[in-house]
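The values are calculated or read from the model by the stated rules, or taken from the named source; none is laboratory data. All figures in this text were calculated on a predicted structure; none of them were measured in a lab. Glycine also receives a Cβ, built like all others from the backbone with ideal geometry; neighbour counts cover every protein chain displayed. For the accessible areas, the whole protein counts, side chains as well, though only heavy atoms, and no ligand, DNA or RNA atoms are used. Shrake-Rupley method; radii C 1.70, N 1.55, O 1.52, S 1.80 Å.
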Amino acid sequence: MSIFHNPDQIIRPEILALSAYHVPPATGMIKLDAMENPYPLPPVLRDEIAQLTMHAPVNRYPDASAISLKATLRQALAITDDMDILLGNGSDEIIQIIAMAIAKPNAVLMSVEPAFVMFRMIATFANIQYVGVPLKKDFTLDPEAMLAAIATHKPAVIFLAYPNNPTGNLFNADAIVRIIQATSGIVVIDEAYHAFADASLMDRLAQYPNLLLMRTLSKLGLAGLRLGLLVGRREWLVQFEKMRLPYNVGIMTQLIAEKVLHHTHVLLEQAEAIKSERTKMNAYLGTISGIEVFPSDANFILFRIHAASQIFQALKQRKILIKNLDGTHPLLENCLRVTVGTPDENAQFCATLHAILSETA
Ligand SMILES: *Cc1c(COP(=O)(O)O)cnc(C)c1O
C-alpha cells in the first residue's frame, strides 16, 4: 500500500496561505522597481575586485566571524567601539534572526502600515503574531496610535524603517523616541536608505538600552553581494549571534564588500547623484496635474495618480518597470513607486509617463 503525502497536511496553514515574494522578470526592461543603485563600480575598482576574487580561497569556508570586514564596516560607517556588529546575508536575514529569537508563544512583532513587507512576512515565517499600526494619511507616524497599540499588544520587537519604504519619508525622531521609551520590547530602526537621507538614529544607540539599528549595503550599490548589519549593545547581539548560521556571509561578499568600503566615497558620490536626480524627478512629477507626489528621503519616489494600475501596465508594455502599490494597502490606493535611476532612465520614465497621460487624456 502506498502512502499519499500531501503538503496540505504537513505544511503550516499560514505558510500554505502565503504567496511567495514576487520578483517580476526584468530582462530588457528599464528597471526602476527595486531601489537598486543604477551605477556600476568604476573600472579600476572592478579590476581590483577581479584580482581579489581570482585568488580567493573558495575551497575553504569563509571567516565565520568576518573580523576584517567588521573592522572595515566599523570605520566606514563610524560605529563606536561600545556597540557590537552582527552581519546578515542581507538585512532580511537579520530581521529573520530577530524574529526567530523572540518567537515565544504569543510574541508580537509590530510595525507600521504601510511598511516594508518583509516585516509581516518574516513574522509569519517565525510563527509569531504581526501587528501593523496604520500611519496617518500623509504617511507620518501616529505616535498616539502606536503607544495605544504598544499598551495593548506588548510587542517583543518593533521595526521602523527610517526612511520608510514604500513611502520614502523620515518619521519624526521625537515620536520614535517616545515609542522607544514606551515599549518594554526592543525597537529596531531599519536604515536601509540611510545614504539618501540626512538623518540617522545611530548616535542615539548609547542612550536607549532597547534600541538597535540596522543598515544594508544593498541600496547603496551592492545589492548583489547580500550584506546587512545590525548595530547594538553586546547584551542583545550575543543572543542573536547564537542564531546566525555560521557561514552566512560568503567569502566573495566579505572580500568585495571590504574592498569597496575602502572606497566608500565612490558609493557616496553615486548616492549624491541619485539625490539630485530625485529632486529633479520630484519637481517634474509635481508639475503634472493629477499627480500627487510624496516627499522622499530615499532613492525612490511614491506618487498617486488616477488609474494607477493601468498606468503601471502601460509603462510595463513600454519596457519600464516600476512598482504598483495600488491594492496593497488602503492608504496606498492609486500609488506607484519609482526608483530613481540614471538621468537617462529617469528622462525615459518621465517622457513615457507623459506620453501615456496625453494619449489617455
Ligand atoms: C530593501 C530593504 C531591506 C532589505 O535589504 P537587504 O539588505 O537587501 O536584505 C530592508 N529594509 C528595508 C526597509 C528595505 O527597503
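Nearest 0.05, what FRET efficiency do ALA17 and ASP81 give at R0 = 45 Å with Cβ-Cβ as r? Approximately 0.50, to the nearest 0.05.
Were the residues from ALA223 through MET100 laid out at 0.36 nm apart, the gain over their Cα-Cα distance would be 41.9 nm.
How long are the semi-axes of the ellipsoid equivalent to region 142-185, from square roots of 5 times the Cα gyration tensor eigenvalues, in whole Å, largest first?
So the equivalent ellipsoid measures 19, 11, 9 Å along its semi-axes.
Close amide H partners of PHE300, meaning residues 5 or more places away or on another chain with modelled amide H under 5 Å apart, are VAL340.
So what's the projected area for region 1-81, the Cα convex hull averaged over all directions, in nm²?
13.0
In region 231-361 the Cα-Cα distances spread across 10 Å bins starting at 0 as 10, 31, 23, 21, 13, 2 percent of all pairs.
Among ASP326, ASP190, the sequence by solvent-accessible area, most first, with a 1.4 Å probe is ASP326, ASP190. Using Cβ point charges alone (K and R +1, D and E -1), the dipole size of the chain about the Cα centre works out to roughly 480 debye.
Quick note on region 307-361: its Rg to Rh ratio, both from C-alpha atoms and Rh being the Kirkwood radius, is 0.98.
Heavy atoms only, probe 1.4 Å: what % of the accessible area of the chain goes to carbon and sulfur, would you let me know?
Carbon-and-sulfur percentage of accessible area, whole number: 56.
Among the protein heavy atoms, those of LEU18 account for about 60 Å² of accessible surface (1.4 Å probe, every chain in place). Ignoring lysines fewer than eight residues from LYS319 along the same chain, the ones with Cα atoms less than 19 angstrom from its Cα are LYS31.
Of the three principal axes defined by the Cα atoms of region 116-174, the extents in descending order read 31, 25, 18 Å.
Report, as a whole number in µm² per second, the diffusion coefficient that Stokes-Einstein gives for the chain at 37 °C and 0.692 mPa s using the Kirkwood radius over alpha carbon pairs.
Diffusion coefficient, whole number: 150 µm²/s.
One quarter of the surface of the convex hull around the alpha-carbon atoms of region 1-47 equals 8.0 nm², the direction-averaged projected area. Across region 44-178, the volume of the C-alpha convex hull divided among the residues equals 169 Å³ per residue. In the complete set of protein chains, residue-level accessible area for GLU359 is approximately 120 Å², probe 1.4 angstrom.
Given R0 = 56 Å, the distance between the Cβ atoms of SER2 and ALA283 translates into a calculated FRET efficiency of 0.25. Counting heavy atoms of the protein chains alone, HIS194 has an accessible area of about 60 Å² for a 1.4 Å probe. Pairs of alpha carbons in region 127-270 separated by more than 21 Å make up 50% of all such pairs.
The calculated Kirkwood hydrodynamic radius for region 205-287 is 15.6 Å, given to one decimal from all distinct C-alpha pairs. Here the 3J(HN,Hα) profile of region 274-290, calculated from phi with Karplus coefficients 6.51, -1.76 and 1.60 at θ = phi - 60°, is 5, 5, 6, 5, 4, 4, 5, 5, 4, 5, 4, 4, x, 7, 7, 6, x Hz, Gly and Pro shown as x. Average accessible surface for region 1-114: 62 Å² per residue, computed with a 1.4 Å probe over protein heavy atoms with every protein chain in place.
Scanning the chain for chymotrypsin sites (Phe, Trp or Tyr not before Pro) in DSSP loops with at most 14 other Cβ atoms within 10 Å, what's the longest stretch left with none? Longest run free of exposed loop sites: 22-246. What residues from region 278-294 fall in the zone where the backbone N is under 18 Å from a label point 7 Å along the Cα-to-C-beta line of THR342? Under cut-off, by backbone N: 278, 281.
Solvent exposure of region 187-274, expressed per residue, is 39 Å² of accessible area, with all protein chains present and a 1.4 angstrom probe.
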